[in-house]
Structures are given as C-alpha cells and as structure tokens.
Amino acid sequence: MTTHTDTRPADGFHLPAGSAASGPYALDVDPERAGWGYSSLRVLPLAAGSEHEFAAGDSEWIVLPLSGGCTVTVEDADGGTHTFELHGREDVFSGVTDFAYAPRDARVRIAGAAGGRFALTGARCERRLPARYGPASGVPVELRGSGACSRQVNNFAAADVFEADRLIAVEVLTPGGNWSSYPPHKHDECRPGEESELEEVYYFEIAPAAGNPDAPGLGYQRVTPSGHGKGTDVLAEVRSGDVVLIPDGWHGPSIAAPGHDMYYLNVMAGPGEERSWLICDHPDHAWIRGSWADQAVDPRLPLYTAPSAAPSAPRPAQTQEEDDR
C-alpha cells in the first residue's frame, strides 16, 4: 500500500532496486526526483580500474564505500586539490568504513582500482566547508533499543559527530527478526528544542540466509500519516537496493525477516537553521521505550565495532601543482 499527494513522485515513495537508476548510478535520487528540497542519494557501482567524476553543484556530499575501497579526489572552488584513500570494507555487514566529505561547488573524482559500490549522500546547502577524511576509527557505534527492538547505529555523519552544513547520515544494522526504527517517530515539523524538520531517505540492503547465499532476504517498512496535511502512507516489502522516501509522517517499524540481517542507510536534511536530529515518538507506541530497561540488548549485537585506529593515514591534501608533478 502506497499513497501520496500530487506533489510527490508519480511512482510513489517505495522505489524498488533498479527503478531509480540513471546513467552510471544504480540509484539516483535528488530533490527533483523526490519532490522535496534538500536530500540526495546515489549509489555508484565501479568496475575495477574505472573512475567517475561529478560536480557537487549546490550540495555537499559524503562518499561512503558500501563494498570495496577507492581514491577520492576533490577539487574545491578555491583551486585546491585534496586526495583521500578510502580503505572501505568487504560489505555493509562486515565492518565500519572510512569516508570522504566534499563541499558544494567542488568537482569530485572517484577511482576504484579493485572496483566496488559507493554511496554518495548529499544535501543542498549554503556553507562551503573544507574537504575532509573521516576515519573508520572515529565512527561512534551505538547500540539502540533492547530485546526484539535492538539495533546498531553507525553514526558516521550524525549531527553531533561530523561537521556538515545540512547533511545528516547514519547506518543502521538490525539482526534478523528484530524491529528497528521503533517506536514510530517523526521529524516533519520545526519545533525548536523538540522536533526538527528533515526529509529522509532509507536505502536498504538485506543479508542472505546464513549458510545459504542463494536465499535472498526481505524486510518491511512502514510510514503512516502524521496529520496536518502530511499524508505519506507506505507499507513496503523491501529488498536489497530498494529505497523508501520519507518526506513526512510517522516512520517505523523497519522489520528484518527472521534469518536475514537488515542494513539501511539514512540520509537526512532540511530547512532548519540548526542542523539537528530531534524526533517525536508516536504517542500510541512511545511506551515501548520504558520496557527496554528490563530487557537485555540482543546478544548478536554489535555485528562489528569500529577499529581502534585507522589502518593507515589517508593521503595528505595535495595542491594541484603537486598533482601535476
């Protein structure tokens, strides 16, 4: 079940894998496609030895390896060139990854000697911040909830962790059989100190059954209307590569099928002057938080932790003249 107003995408809020592909991207969602103002997400597959270049335009971007590593070169608007070696990871279920931040008005080149897949999380913004490297060792890994609501959050670009102008992005891993993104919550109104107005993209990958890589997994995502003219209503069966767009509404649960761990990448941005993630729980379900103190966190978590130190330092920033030598 998916309903939407006339201002939303004609193909709805659930975009199955491949349905939003464009050019080199296996997934390409921008504000125009989503029908909103700020948030973007692209997924770039790169063959071994190939590269891809794009203009940041009016958005800031984070290059986040989903599988494999790459070299990210950022040419900023002031003429400087910065190169970062991303070690990456085998896949999203195997470890925390490092990442690279590129400011608006830059040109970004991604080169993959061994190939891989890379998420490009973006947000329209005003400020131009420095290009930077984010080490895997600096990513806080949080265990949220307990019992059947236990999940792991990799806060690589949470609002209080990594500086950006508008972009907020985190990864969530949910063991098979658990309910994540629960209790249902929303962030579609600006209420200073209580709630932020943020658009959100959910990008999913589902692990195959243990010992049976040919058994693909699935999960479910629910979004319900929050009222006051905000009518997003989604009940979607999600599989690897699927996306759910959440312009408004109570969202959750994200349900992982038994035997299939669920990963989702959250990308958020909005119009507020303060970059913050303030949520409001659904009043019918907020009570569940009070039950967590009497339950243990799922012993399957964490699926992994951040390394204690980066395996090696990224390449230092280089000037264009140094690159030309």
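The values are calculated or read from the model by the stated rules, or taken from the named source; none is laboratory data. Keep in mind that what you see is a predicted model, and the values were worked out from it rather than measured. As a convention, Cβ positions derive from the backbone with ideal geometry for all residues, glycine included, and neighbour counts pool all protein chains shown.
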Search result, residues across region 219-230 that are touching a strand residue (DSSP E or B) at 6+ places or on another chain (Cβ under 7 Å) and assigned to a loop (DSSP other than H, G, I, E, B): Pro225, Ser226
Residue that is farthest from the chain's Cα centre (by Cα) [pool: residues in region 131-159 that are polar (S, T, N, Q) and farther than 25 Å from Tyr38 by Cβ]: Ser146
Close pairs (6 angstrom Cβ cut-off, 6 or more residues apart or separate chains): at pLDDT 95 or above in region 285-300, not in a loop (DSSP other than H, G, I, E, B) anywhere: Gln295/Gly147; Val297/Leu143
Yes/no for Arg104 being assigned to a loop (DSSP other than H, G, I, E, B), in contact with a strand residue (DSSP E or B) (Cβ under 7 Å, 6 or more places away or on another chain) and either touching a residue at least 12 places away in the same chain (Cβ under 8 Å) or not small (Gly, Ala, Ser) (or both): yes
Subset of region 125-145 (residues that are within 30 Å of Glu273 (Cβ to Cβ) and among the hydrophobic types (A, V, I, L, M, F, W, C)): Cys125, Leu129, Ala131, Val139, Val141
Verdict on Tyr203 being surrounded by 24 or more Cβ atoms within 10 Å (Cβ to Cβ) and not hydrophobic (A, V, I, L, M, F, W, C): yes
Number of positions in region 80-100 that are of a type in the set (Phe, Trp, Tyr), part of a strand (DSSP E or B) and surrounded by fewer than 24 Cβ atoms within 10 Å (Cβ to Cβ): 1
Residue list for region 275-289, filter: assigned to a loop (DSSP other than H, G, I, E, B) and hydrophobic (A, V, I, L, M, F, W, C): Trp277, Leu278, Ile279
Filter result (of a type in the set (Gly, Ala, Ser), assigned to a strand (DSSP E or B) and free of Cβ contacts under 8 Å to residues at least 40 places away in the same chain) within region 15-43: Ser22
Verdict on Val63 being closer than 16 Å to Leu265 by Cβ, surrounded by 16 or more Cβ atoms within 10 Å (Cβ to Cβ) and β-branched (Val, Ile, Thr): yes
Matching residues in region 160-199 - criterion: being over 26 Å from Trp292 (Cα atoms), among the hydrophobic types (A, V, I, L, M, F, W, C) and over 17 Å from the mean Cα position of the chain (by Cα): Cys190
Single residue of Phe156, Phe118 found to be part of a strand (DSSP E or B), aromatic (Phe, Trp, Tyr), at pLDDT 95 or above and within 30 Å of His285 (Cβ to Cβ): Phe156
Only listed residue being in contact with a helix residue (DSSP H, G or I) (Cβ under 8 Å, 6 or more places away or on another chain), crowded, with 16+ Cβ neighbours inside 10 Å and modelled with pLDDT of 95 or more, chosen from Asp242, Asp261, Asp281, Asp248: Asp281
Failed criterion for Glu142 (all others in (1) in a loop (DSSP other than H, G, I, E, B); (2) farther than 17 Å from Val267 by Cβ; (3) out of contact with any Cys (no Cβ under 6 Å at 6 or more places or on another chain) hold): (1)
The one condition in (1) within 29 Å of Trp61 (Cβ to Cβ); (2) in contact with a Cys (Cβ under 9 Å, 6 or more places away or on another chain); (3) hydrophobic (A, V, I, L, M, F, W, C) that Trp179 fails to fulfil: (1)
Pick from region 44-69, criterion charged (D, E, K, R) and part of a strand (DSSP E or B), ranking: nearest to Asn155 (Cα to Cα): Glu60
Flag for Asp165 being charged (D, E, K, R), surrounded by 24 or more Cβ atoms within 10 Å (Cβ to Cβ), at pLDDT 95 or above and within 28 Å of Glu53 (Cβ to Cβ): no
Search result, residues across region 232-274 that are part of a loop (DSSP other than H, G, I, E, B), under 15 Å from the mean Cα position of the chain (by Cα) and hydroxyl-bearing (Ser, Thr, Tyr): Ser240
Verdict on Ala293 being exposed (fewer than 14 other Cβ atoms within 10 Å of the Cβ) and among the hydrophobic types (A, V, I, L, M, F, W, C): yes
